[in-house]
Amino acid sequence: MEHSLFRKKLITGIIIQSAILIFFPYFFSYIEQRQDGIILHDWILNLLTPRDLSVPIFIIMWSTTVLAIYRCVNQPAVFLTILYSLIFLCFARMLAIYFVHLEPPVNLIPLKDPLTSITYGGRGLFITKDLFFSGHTSNMLLLALCLPKKSDKIIAFTAAISIGIMVLMQHVHYSVDVFGAVLITFLLVKQGKRVGSV
């Protein structure tokens with residue numbers, strides 16, 4: 001019974017997440033064309049000199065993701081909790097971005113990530129209005145909360161903190177985007193673990 005339930009949840013989760021990934025390019029293309037957003041006066045960003053940290057962000061994020069994938073190969077139940085947490089996170093992020101209309105921070109330096117850009121449609125388009133809340137920060141925090149091994153958690157939490165700081169230094173996000181990502185991710189991973197458990 002447990003094996004059958006796992007398979008059903010796995011197939012269902014993969015179908016839902018695949019549908020989200022197919023929808024993403026259309027959603028982000030629409031978001032990028034909106035002209036009714038506001039620019040926040042962020043005193044934290046005002047203290048930070050903009051710099052391009054695309055390479056270290058890419059290395060930290062994807063090396064942590066590879067670690068998580070490696071762990072999931074040996075622990076399929078972990079993959080299921082990550083999958084459902086990610087589904088909740090994607091839905092929540094789309095809703096938040098749709099309803100919170102923000103213009104990019106002043107002095108934003110586009111974040112270059114050839115892998116993440118695939119979810120935006122892979123057309124070389126820099127998406128700058130996917131602001132509240134930070135996907136990079138929330139994805140790393142999600143892994144930290146879902147990985148069961150203590151050393152892996154430390155690595156992923158360190159990655160999440162580093163990414164959060166660096167997207168601010170690059171002026172890719174407002175500080176509220178990063179802090180909001182922390183709170184929202186904690187809440188959504190609880191639901192992901194509950195739904196993804198077998």
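None of L80, L89 is aliphatic (A, V, I, L, M) and in contact with a Gly (Cβ under 6 Å, 6 or more places away or on another chain) except L80.
Criterion first (touching a Leu at 6+ places or on another chain (Cβ under 7 Å), polar (S, T, N, Q) and crowded, with 19+ Cβ neighbours inside 10 Å) does S54 satisfy it? Please lay out each step first, then the result.
Details: touching a Leu at 6+ places or on another chain (Cβ under 7 Å): yes; polar (S, T, N, Q): yes; crowded, with 19+ Cβ neighbours inside 10 Å: no.
Criteria not met by S54.
So which residues in the range 41-61 are out of contact with any helix residue (DSSP H, G or I) (no Cβ under 9 Å at 6 or more places or on another chain) and either more than 12 Å from Q170 (Cα to Cα) or assigned to a loop (DSSP other than H, G, I, E, B) (or both)? H41, L47, D52, I59 - these are the residues of the range 41-61 that are out of contact with any helix residue (DSSP H, G or I) (no Cβ under 9 Å at 6 or more places or on another chain) and either more than 12 Å from Q170 (Cα to Cα) or assigned to a loop (DSSP other than H, G, I, E, B) (or both). The residues listed here are L147, L168; of these, the one that is within 14 Å of I82 (Cβ to Cβ), modelled with pLDDT of 95 or more and not small (G, A, S) is L147. Evaluation of S197 against the conditions (1) under 30 Å from H101 (Cα atoms); (2) modelled with pLDDT under 95 shows that the sole unmet condition is (1).
Yes/no per residue for (1) under 15 Å from the mean Cα position of the chain (by Cα); (2) of a type in the set (D, E, K, R); (3) more than 24 Å from R7 (Cα to Cα):
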position: T64; (1), (2), (3): yes, no, yes
position: L80; (1), (2), (3): no, no, no
position: C90; (1), (2), (3): yes, no, no
position: P104; (1), (2), (3): no, no, yes
position: I109; (1), (2), (3): no, no, yes
position: S117; (1), (2), (3): yes, no, yes
position: D130; (1), (2), (3): yes, yes, yes
position: S134; (1), (2), (3): yes, no, yes
position: S151; (1), (2), (3): no, no, yes
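Residue count for the range 86-116 under the criterion of being assigned to a helix (DSSP H, G or I) and of a type in the set (V, I, T): the result is 3. Going through (1) of a type in the set (K, R); (2) closer than 26 Å to L47 by Cβ; (3) free of Cβ contacts under 8 Å to residues at least 12 places away in the same chain one by one, K112 falls short only on (3). If you go through the range 5-40 one residue at a time, how many are outside any loop (DSSP other than H, G, I, E, B), in contact (Cβ under 8 Å) with a residue 12 or more places away in the chain and under 25 Å from V178 (Cβ atoms)? Qualifying residue count, the range 5-40: 11. Residues in the range 129-152 that are surrounded by fewer than 24 Cβ atoms within 10 Å (Cβ to Cβ) and over 21 Å from E32 (Cα atoms): A144, L145, P148, K149, K150, S151, D152.
The set of residues from the range 141-198 being among the hydroxyl-bearing types (S, T, Y) and either touching a helix residue (DSSP H, G or I) at 6+ places or on another chain (Cβ under 8 Å) or over 29 Å from I109 (Cβ atoms) (or both) comprises S151, S162, Y174, S175, T185, S197. Scanning the range 165-196 for residues that are out of contact with any Phe, Trp or Tyr (no Cβ under 9 Å at 6 or more places or on another chain) and either more than 28 Å from V78 (Cα to Cα) or small (G, A, S) (or both) yields M169, Q170, H171, V172.
The values are calculated or read from the model by the stated rules, or taken from the named source; none is laboratory data. Because the structure is a prediction, the values reported are computed rather than measured. Neighbour counts are summed over all protein chains in view; Cβ atoms, including those assigned to glycine, are modelled from backbone coordinates with ideal geometry.
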